[in-house]
Amino acid sequence: MPLDIIIGAQWGDEGKGHITDALAAQADIVARFSGGDNAGHTITVGDDIFKLHLIPSGIIHKDVTCLIGGGVVLNPAVMLREMSALAARGVDVSPERLKLSGSAHLITPAHIALDKAAEEQRGDSAIGTTQRGIGPTYTDKTARTGLRAELLADPEGLADALQQHITAKNRILQEIYGGEPLDATAVAASFSQFAQQLRPYLVDGPHFLHEALADGRNVLAEGAQGTFLDLDNGTYPYVTSSHPTTGGVLTGLGVGPNVIRRVIGIAKAFSSRVGSGPFPCELDGEMALRLRGTGANPWDEYGTTTGRPRRVGWLDVVMLRHSARLNGFDELVLTKLDILSGLETLQLGVAYELDGRTLTHFPANPTDLARCRPVYQEVPGWREDITAVRHPADLPPNARRYVDLIAEFCAVPITCVSVGPGREQIIKM
Ligand code: GDP
Ligand code: IMO
Ligand code: MG
């Protein structure tokens, strides 16, 4: 009863959608376990590009069933929009193929308004959230006042819960933030529509997975966000409000560790981050522009969800090794190696300097991390375009060396390297 897990090893946008899509070819079920539509996962199939925020990336494979797990926060309007966009492109999104765990929490317009208001009030110390209502929804979940998806099957309960919810949030919006109140009746009316459409998709998530795993089905857990955005293990408070790490898979899906077959970390060959917070190997100037791209290519470093330019930097292997230990990676997949082609030399962040000391581990205290200066190891680059390479032996020797060095530093094998967004551009090492 195997469960394979895909985890973002950095700050998100590592190419999890691309690798999930590739691995989904051998999966029966693909399940999201955390986050919500703050995620933006890109899948490229030939000339077709799919950008998914909520629906698992397995949906493109017609024989795969997709589950939105209990650890997810779900904006029903976004889910329905995404479903219609997929259906318009010929993707089957019927309840036979797509399931929603009743224990996922619902994002309402009040959560979105609160996310925006809190960010505005933070001013210069804003987190740079995606303003999708993620934090306020998880806050309600933790406070035990949240609205679970199972309410979609209970019209009266849903209407009552929304009345109370909007009334309570309106007080905060008006009295704390000086904002406009929301119309509870209008929100309840739109949610009643959503409920009618989404009710057939509701399942008991853990039970569905337990049966599938007992039947020997292959389940793939699709991570959203990345390890350093984890509420406990990330660069707090510049994090998301969930657990995008291996620990979050177990609670987010309701399964035990005995079903795990392998944990696969997805790492980009350099670093990127959207939003605020410490970033020791960050670059600016010409090299940043070079790594980010101008936005002309679909894979350039601009947010899939918000369109914001991503901050970029050299690969930080101290962080990557920490990520491997935190998540228990059995293997790593390295994406976007092609972007480094043509650079004379590359830098790898292999340690930090803090107050005259050399640190070889990732400091848990983000204030310390913000003061860390990276110690770089220079490695030779390669000139060749590698986007057409399909076998490891055809990679330029320096590209191989770069990959080997990362694997050695992290003490985790790199089993695949991606040299472009296409399905065929993933090299098995
Ligand atoms: P996710 O959030 O982890 O799924 O990643 P995103 O989809 O937000 O961002 C990754 C971007 O890089 C997408 O546009 C992918 O199509 C693209 N991508 C993934 N792997 C590669 C690769 O190996 N090379 C290039 N050039 N692009 C890639
Ligand atoms: P995928 O799945 C990159 C970041 C936001 C912000 C912080 C908190 O595409 O890798 P939130 O809206 O979650 O409260 O924002 O987390 N963030 C992401 N950054 N990729 C993501 O998802 C992200 N999801 C959230 O930019 O810094
Ligand atoms: Mg993304």
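The values are calculated or read from the model by the stated rules, or taken from the named source; none is laboratory data. Source: prediction; values computed, not measured. All Cβ positions, glycine included, derive from the backbone under ideal geometry; neighbour counts span all protein chains shown. Just so you know, the surface numbers come from the protein's heavy atoms only, side chains and all, with ligands and any DNA or RNA stripped out. Shrake-Rupley method; radii C 1.70, N 1.55, O 1.52, S 1.80 Å.
Using a/c under 1.5 as the rounded threshold, could you call the stretch 256-388 rounded, prolate or oblate? The axes a ≥ b ≥ c are square roots of the C-alpha gyration tensor eigenvalues, and prolate needs a/b larger than b/c, oblate otherwise. The partial results should precede the final answer.
Numbers: a/c = 1.44, a/b = 1.13, b/c = 1.28.
It is rounded, given that a/c, with a ≥ b ≥ c, falls under 1.5.
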> Shape call for the stretch 352-429 from the C-alpha gyration tensor, a ≥ b ≥ c root eigenvalues: rounded (a/c under 1.5), prolate (a/b greater than b/c) or oblate?
Replying inline: prolate
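Dipole size in debye (nearest 20) for the stretch 105-200 around its Cα centre, Lys and Arg Cβ +1, Asp and Glu Cβ -1? Working shown, then result.
Numbers: 9 positive and 12 negative charges, 48 e Å.
Computed about the Cα centre, the dipole is about 220 debye.
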> Which shape class, rounded, prolate or oblate, goes with the stretch 162-277 when its Cα gyration tensor gives a ≥ b ≥ c as root eigenvalues, a/c under 1.5 marks rounded, and past that a/b bigger than b/c marks prolate?
Replying inline: oblate
> Non-local amide H neighbours of residue 203 (under 5 Å, H modeled in plane, Pro and chain starts lacking H): which ones?
Replying inline: 100, 101, 102
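Taking the Cβ of residue 381 as the centre, find all other residues whose Cβ is under 12 Å away and add up their charges (Lys, Arg: +1; Asp, Glu: -1).
0
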>> What distance in nm lies between label points placed 7 Å from Cα along the C-beta direction at residue 190 and residue 384?
In response: 5.4 nm
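So which of 51/99; 169/268; 16/62; 51/169 end up more than 29 Å apart, counting from Cα to Cα? Show your work: numbers first, answer last.
Details: 51/99 19 Å; 169/268 39 Å; 16/62 19 Å; 51/169 31 Å.
169/268; 51/169, as the Cα separations exceed 29 Å there.
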>> Take residue 81 and residue 214, extend 7 Å from each Cα along the Cα→Cβ direction, and tell me the distance between the two endpoints in nm.
In response: 4.0 nm
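With a 1.4 Å probe and every protein chain kept in, tell me what percent of the accessible surface of the chain is carbon plus sulfur. Display every interim value, and only then the final one.
Values: 8830 of 17670 Å².
In the chain, the share of accessible area belonging to carbon and sulfur is 50 percent.
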> Highest mean first, what order results for 181-188, 86-93 on Cβ atoms within 10 Å?
Replying inline: 181-188, 86-93
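Among DSSP bridges having both ends in the chain, what percentage is antiparallel? Round to the nearest 5.
Numbers: 25 of 62 bridges.
Around 40 percent of the beta bridges assigned by DSSP in the chain are antiparallel ones.
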> How do 242-250, 346-354 rank on mean C-beta neighbours within 10 Å, highest first?
Replying inline: 242-250, 346-354
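Kindly report the accessible area of the chain per residue (heavy atoms of protein chains, probe 1.4 Å, no ligands, DNA or RNA), in Å².
On the way: 17670 Å² over 429 residues.
Each residue of the chain exposes 41 Å² on average to a 1.4 Å probe.
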>> Please list log₁₀ I(q)/I(0) at q = 0.06, 0.07, 0.10 Å⁻¹ for the chain, using the Debye equation with identical point scatterers on the alpha-carbon positions.
In response: -0.24, -0.33, -0.68
> Measuring from label point to label point, each 7 Å out along Cα→Cβ, what is the residue 96 to residue 355 span in nm?
Replying inline: 6.4 nm
> Assigning unit charges at the beta carbon (Lys, Arg +1; Asp, Glu -1) and nothing else, what dipole magnitude in debye, to the nearest 20, does the chain show about its Cα centre?
Replying inline: 180 debye
> What value, in deg cm²/dmol to 500, does the helix sum -39500 (n - 2.57) over DSSP H runs of n ≥ 4 give at 222 nm once divided by the residues of the chain?
Replying inline: -9500 deg cm²/dmol
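Using the crude model of +1 on Lys and Arg Cβ and -1 on Asp and Glu Cβ, and no other charge, please compute the dipole size for the stretch 1-121 relative to its Cα centre, in debye to 20. Mind dumping the intermediate values first?
Working: 9 positive and 15 negative charges, 51 e Å.
Dipole about the Cα centre, nearest 20: 240 debye.
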>> Applying a 10 Å radius around every beta-carbon, put 50-61, 33-44, 258-269, 137-148 in order of their mean neighbour count, most first.
In response: 33-44, 50-61, 258-269, 137-148
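List the relative contact order of the stretch 105-200 as a percent without decimals, with contacts defined as Cα pairs under 8 Å and 6+ residues apart.
Numbers: 98 pairs, mean separation 28.0, N = 96.
Reported relative contact order: 29 percent.
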